[in-house]
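Participant: One structure is given below, represented as structure tokens, and several questions about it will come after.
Every number in this text was worked out from the coordinates using simple rules, so none of it is lab data. Treat the numbers as computed from the prediction; the structure is a model and nothing was measured. Cβ: placed from backbone, ideal geometry, glycine included. Neighbour counts: every protein chain shown.
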Amino acid sequence: MQRVTFIALYDEYCLGVRYMSSVLQNDGHDVNIIIFKGVEYISPTEIPPSEKQDEGGYYSMCTYTTAKELDILLNLLKEQDPHLVGISFTSISYGLAQFLTRKIQTELKTPVIWGGVDSTVNANENIQHTDMICLGEGEFPVRNLVNAMDRGEDILHIPSIWVKKDGVIYRNPMMKLEQNLDLYPFPDFELENKTIVINDAIYPSPYPPRSHLYTNFIIMATRGCPFTCTYCCSGHDDVIYQGDKFLRRRSVENVIEELRYRVRAWPWKLERVEFYDDVLPLNKRWIQQFSPAYSTEVALPFFGYTHPNVGDPDILNLLTKAGLSYLIMGIQSGSQRTLKKYYDRRHPKQGTIRTAQNILDAGAKLLVDFIGYNPLELEEDNVETLDLICDLPRPIGIVNINPMAFYDNYKIFHIAHKEGIVDQLERPLGVHALQAKPKPIFVFWEFMHMLGHFDGFTKEHVMGLVQDRYLREHPAIFEEMVANLYHATYLDGNPVVNKDQYIQNMRWRVARIEGSSAFRAYQKIKSLVA
């Protein structure tokens, strides 16, 4: 039996780690998972100011460890005494992964393996900083590695595992993707063998305190994405898994079985299910089986993610009958030039509007997001995006205007070099990506686009603000205006919950209570007592 500890950096979701944990435990190995902080803590505003940064810690643009958190982590590893440490991270935590790896190798002399899309796409660079990396999906490659270690066998030639030994790098070919996803055990969401390290302490719970996973259960029914967006990790599956079928789905029975088990075993009251698929409503036959099974055997509201080219009304109606609450649709840009030339996306304006309307007609809420802070976009591209936002059907909510991240070796990274805009980019400390150097015009367009989706502003009024020179030079005015609109329109500023709808629902619930026989009996008893 081998002892393995996985460390998930700033990611309590860590589905890859949770799947690998289950696979290894099924083979009899002892597995621990350390969740080092969480997704909601990824932000420059979370980083302590320089005067509060202690010696011996590590501080990047948006992820960090204090010296005390480092000591807690190393002491945990010494107690667990693993034969192998796995570090799972995204490009945002690249610098932190390097820092922790050096400390672990020095203090414990334990081999460290890296995993995640960043290590897959940047394998030749990342292997320089660790002992091993896992390329692509890790369940069976890591199982083969750990089983070989357990038997004392050669580990230098395992598919999908690169090994650095005595200065030599063994670059092994990719393992073929498993096509039958039902063969995998359910991911490890059990409460045992989990430790949270955050705020200079071990947190006595399986998730960070601000995590929504106490009430949301996440699940993936599909792996892979049919689209090849240049800025997205899933858009590189065609390159990573050349010759493999990377779009695969679990059976309906397998998905429902996992959800039934989680609902029954979860120690907190689950409020909703989050489908973590890249694109949720895809296969009509699958949805036809899923809808009645989910509505009768799980019966929790759920949400997922979608694309402007995926809007079949029949599928959407089946999903809402099953319990679909809302969909998040990544539109990314309204500019056809940007979509075709830079993002490898094909969704004309009218098609996007039609999909949005189909979602609303089916009875689901619609949230959308866009990409901003992109030097590849011209003035007319931003105007075209605003034009689309103004014409989208209502009600919608804009989740965010995400700053473009030019991740190293992604297609968009190479496009930036080809288009000659690298001098307009900078590399944030500790991040394996480039981003635009700050400019007031980026802030102006971020909040201009967000303003465009609110009711109460005519399209002519919104478009008329585009040429306002003062607002362009002082976008903080817009920032304050939009922040106030979000808090006035949405509950706690969250576009998922519209305040008017929330109040209307509360009034309906109160009316139902007041009209119930139990409430009438209560009133009668109260009058007699009085």
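Participant: Can you give the direction-averaged projected area of the convex hull of the alpha-carbon atoms in the range 230-302, in nm²?
Facilitator: 6.5 nm²
Participant: Which FRET efficiency value, to the nearest 0.05, do you get for THR458 and ARG337 by plugging their Cβ-Cβ distance into 1/(1 + (r/R0)^6) with R0 = 30 Å?
Facilitator: Working from the Cβ atoms, E equals 0.70.
Participant: Against the globular-protein guess of 2.2 N^0.38 Å, express the Cα radius of gyration of the range 314-412 as a ratio, rounded to two decimals.
Facilitator: Rg over 2.2 N^0.38 Å, computed on Cα atoms: 1.15.
Participant: Using alpha carbon centroids, what distance separates the range 121-170 and the range 399-417, in Å?
Facilitator: Taking the Cα centre of the range 399-417 as reference, the centre of the range 121-170 is 28 Å away.
Participant: Do me a favour and compute the ellipsoid semi-axes for the range 415-477 from its Cα gyration tensor, root of five times each eigenvalue, largest one first, whole Å.
Facilitator: Calculated on Cα positions only, the semi-axes equal 30, 12, 12 Å.
Participant: Sort by residue number and report every cysteine in the chain with no other cysteine beta carbon within a distance under 4.7 Å.
Facilitator: Within the chain, the cysteines lacking a partner Cβ under 4.7 Å are CYS14, CYS62, CYS134, CYS225, CYS233, CYS390.
Participant: Next up: Of all beta bridges DSSP finds with both residues in the chain, what is the antiparallel percent, to the nearest 5?
Facilitator: Bridges in the chain that DSSP calls antiparallel: roughly 30 percent.
Participant: I've got another one for you. What do you get for Rg/Rh over the chain if you use C-alpha atoms and the Kirkwood form of Rh?
Facilitator: Radius of gyration relative to Kirkwood radius: 0.98.
Participant: Shifting gears a bit: Considering only Cα-Cα distances, which of the following residue pairs are longer than 24 Å: LYS341/LYS437; LYS245/LYS349; LYS341/LYS418?
Facilitator: Those over the limit are LYS245/LYS349.
Participant: Scan the range 167-233 for GluC sites (Glu not before Pro) in coil per DSSP, keeping those whose Cβ has at most 10 other Cβ atoms within 10 Å, and list them by number.
Facilitator: Passing both the DSSP loop test and the Cβ count: GLU192.
Participant: Just the Kirkwood number for the range 336-382, please: inverse of mean 1/r across all distinct Cα pairs, in Å, one decimal.
Facilitator: By the Kirkwood definition, the hydrodynamic radius is 12.3 Å.
Participant: Given N residues in the range 3-183, what is its alpha carbon radius of gyration divided by 2.2 N^0.38 Å?
Facilitator: Compactness ratio reported: 1.02.
Participant: Over the range 215-467, calculate the relative contact order: mean separation of alpha carbon pairs under 8 Å at least 6 apart, over the residue count, as a percent.
Facilitator: 16 percent
Participant: Then there is this: Taking the alpha-carbon centroid of each part, what is the distance from the range 207-236 to the range 364-390 in angstrom?
Facilitator: Answer, in whole Å: 22.
Participant: Return the calculated 222 nm mean residue ellipticity for the chain, to the nearest 500 deg cm²/dmol, obtained by summing -39500 (n - 2.57) across DSSP H runs with n ≥ 4 and dividing by the residue count.
Facilitator: Here the helix-only value at 222 nm equals -12000 deg cm²/dmol.
Participant: Ok, one more. Which loop trypsin sites (Lys or Arg not before Pro) in the range 79-142, with loop taken from DSSP, have no more than 16 other Cβ atoms within 10 angstrom of their Cβ?
Facilitator: Qualifying residues, ordered by number: LYS109.
Participant: For the range 3-183: lysine pairs with Cα atoms under 14 Å, gap of 8 or more or different chains, count?
Facilitator: 6
Participant: A further question on this structure: From zero outward in steps of 10 Å, how is the percent of C-alpha pairs of the range 215-467 spread across the bins?
Facilitator: Cα pair-distance distribution for the range 215-467, in percent: 7, 28, 31, 24, 10, 1.
Participant: Mind running the shape call on the range 1-79? Use the C-alpha gyration tensor, a ≥ b ≥ c as the square roots of the eigenvalues: rounded below 1.5 for a/c, prolate if a/b tops b/c, oblate otherwise.
Facilitator: Verdict is oblate for the range 1-79.
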